[in-house]
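Scroll down for the structure; my scribbles are underneath it.
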Amino acid sequence: MALIRGRERGTGAQIFTASMADIVFLLIVFFVLTYKVEVDKTQMNLPETWVRKKVPEKAAVISIAPREQGSTIRVSTGEEMALPVSTIEEVITFASTEVAKNPDREFILKADQDVEYAKVDEVLDALKQSKAKFIFLLSEQLTADKK
Amino acid sequence: MNIKKKEIASEIFTGSMADISFLLIIYFMITSAFSATRGLDFALPEETDTPEIKQEDSIEVHVMPGGAIEVDKKSLPVDGLLPYVLEKLQQNPDKPVILRTDPEATYGDMISVFDRLRRANEEWTDDQGNPMFKDVNGNPLTEIKTISIPTQREIENIWNLLDMG
C-alpha cells in the first residue's frame, strides 16, 4: 500500500545573515582607521624596557638591522618606506636635512637588541652632529617576571 | 479598456557586496601592522665646544660587554645601581649620571641599564606618587635630573682636551 503523505512541511534551516553587513562594515571601518603603514619592515628583536613612552607618529625613523642581516642602517622620513644607507655620512646628511626643515624634529631609533653598541654609537653621534634634539629608542614591554 | 501596467522592480544587486567586503577586511588585516609604538625617550643636549662636566662631579656608569656594570670604576651588581645613585644624589641632587657603554657590548646591554636609571622615578616614589626620599637640603628626590650618554667621539674629544690641559 502506498503511503499517502501529507504535504511536506518545509522546516527551512536558515542562518540569519542580515546583521552580517553591519559587522563586516564595522570591521572594515576599524581596520581603515587603525591602518598605519609601517615604514620600516625589518624584522628584529627590540630591547625590552620597563619605562615606555609613546613615540610621535610622524617622527623620522632610523633602523639598524640585526647582525645576521649585516647591521644595515635604514632611514625614513616617517612617511616613505625606509631606504638603506651605506655610510654614516648619509645618516648625517639625512638627519641634518630633517632638522633644517624642523629644528624640533623627533627621531626614532629602531635597533636590534644584539647589535653591537659601536654601531648605535655611530648613529647617535650622527644625530648629535646633525643637532637633533629628541630621540626615542623603540622598545618592547619588559614583563614583570624578567624585571 | 484597462491595461495592467507591468511593474518593474528596481533593486540594487547586493549579492557581491559580501565578497567585496570580505576582500577588504582580509586586505586590511594582512597589511595593517601592529607595530611597536613605544620606547625610551631622551633629549640630546645642545653641543657645546667646551664640555664642563668634571669627572668628580658626576656618577660614571660603564656598561661592560655581557651587561655587567662598573660605577665610578667599581664593579657593582645591576640591582645595586639605583641605591648607589640615590645615596650620591642625596648629597648632591644635581649630579649628572654619565652612561658610557663599551663598544663591544650590545645595544640591549646599554638599554637595560638606561631603563634601570629611568625607573628611578617609580622606585623613589610610593604608590600615590609621593616622594620617599629627600636630599640634604630637604627637597624631595624623585628622579635623576640628568642622564648623559656621551658618544665615543665626544669621550675622545674630552680626553684630547684633558691631555692638552
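Some values worked out for this structure:
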item: Selection status of A:L83, of a type outside the set (S, T, N, Q) and more than 10 Å from every other protein chain (Cβ to nearest Cβ); result: yes
item: Any hit, segment A:112-135, residues being buried (at least 20 other Cβ atoms within 10 Å of the Cβ), in a strand (DSSP E or B) and touching a residue at least 60 places away in the same chain (Cβ under 8 Å); result: no
item: Members of segment A:41-59 found to be part of a strand (DSSP E or B), farther than 18 Å from A:L127 by Cβ and at pLDDT below 90, listed by number; result: A:K54
item: Candidates A:I28, A:I62, A:I15, A:I23, filtered to the one that is outside any loop (DSSP other than H, G, I, E, B), more than 10 Å from every other protein chain (Cβ to nearest Cβ) and of a type in the set (V, I, T); result: A:I62
item: Meets criteria (in a helix (DSSP H, G or I) and modelled with pLDDT of 90 or more) for B:L162; result: no
item: Segment B:102-118 - residue that is assigned to a loop (DSSP other than H, G, I, E, B) and crowded, with 18+ Cβ neighbours inside 10 Å and, of those, nearest to the other protein chains (Cβ to nearest Cβ); result: B:A105
item: Unmet requirement for B:E70, which otherwise passes all of (1) farther than 21 Å from B:L161 by Cα; (2) at pLDDT below 80; result: (2)
item: Which numbered condition A:A100 fails, given (1) within 14 Å of chain B (Cβ to nearest Cβ); (2) closer than 27 Å to B:I147 by Cα; (3) not charged (D, E, K, R); result: (1)
item: Selected residue [over 22 Å from the mean Cα position of the chain (by Cα) and exposed (fewer than 13 other Cβ atoms within 10 Å of the Cβ)] from B:N139, B:N157; result: B:N139
item: Flag if A:A95 is closer than 16 Å to A:A126 by Cβ and modelled with pLDDT under 90; result: no
item: Answer from B:Q128, B:Q90 - the residue that is part of a loop (DSSP other than H, G, I, E, B), modelled with pLDDT under 90 and polar (S, T, N, Q); result: B:Q128
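The values are calculated or read from the model by the stated rules, or taken from the named source; none is laboratory data. These numbers were taken from a predicted model, which means no experiment stands behind them. Methodologically, a virtual Cβ is constructed for each residue, glycine included, from the backbone with ideal geometry; neighbour enumeration extends over all protein chains shown.
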